Each structure stands twice: as structure tokens, then as C-alpha cells.
1. Looking at (1) part of a helix (DSSP H, G or I); (2) in contact with a Lys or Arg (Cβ under 9 Å, 6 or more places away or on another chain); (3) of a type in the set (Phe, Trp, Tyr), which one does Tyr42 not meet, given that it meets all the others?
2. Return only the number of the condition from (1) surrounded by 20 or more Cβ atoms within 10 Å (Cβ to Cβ); (2) not in a helix (DSSP H, G or I) that Gly78 does not satisfy.
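Where a number appears in this text, it was derived from the coordinates with a stated rule and is not lab data. Source: prediction; values computed, not measured. Reconstructed Cβ throughout: ideal geometry from the backbone, glycine too, with neighbour counts over all protein chains shown.
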Amino acid sequence: MISIGRTLLELQQKQARAERRALGDAPAIRARKDLADMGLTYHDKQQFLDAVRRGDLIAVRLFLTGRGVDPNAADVWGTSALDLAKRNGNPELVALLEGATRK
């Protein structure tokens, strides 16, 4: 009886962990779908850097939330996403990227 109780408890704990993990992934999944709706691929570094270049705060936020790109990504000349945002003078984008690169 005791072993059955332990097994049931372990199963409940395992299910609870899986549910928490699924809930934690929900924002990333939603962001990936939103990027796809915009014609973008959540793991495409070049599209991420292009979004930074054009100052597209929404797309950049979705790329970061989707967890498919490195916030420290750099172009072929070694210019990072943060450097691009600073060059464009976009303080909101700079703050977003600084927060993401610290994690």
C-alpha cells in the first residue's frame, strides 16, 4: 500500500512539474506564432538584427520572448544588436536589449 501511495505521489509531482513547464513555455510559443504570422522565423539571427536596425520594438521583443536568438547576436562586421540599437538612438530598444543581454 505504501509503495502504491508513493508511486501515485511521484506521478502527481511529475504531472505538476510538466504543467508548470508548459505554462512557462506559453509566452515563448505565443511569440513564435506571432513572429510566424509576421512572416518571420523566431530563430533567424539575420531577421532579428534587421528588426533591430529598423527599430521594430515589437518584433525584437517577440524574438527575445521566443528564445530563438541570442540577444548578443552580431552581424558579419561584429556589430551587436545592442550596438545597432544605440546607433539608431532608440532608448526603448537599447533598454530592452541591455536587459536581455544581462540574463
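1. The failed condition is (1).
2. Tallying (1) surrounded by 20 or more Cβ atoms within 10 Å (Cβ to Cβ); (2) not in a helix (DSSP H, G or I), Gly78 fails exactly one: (1).
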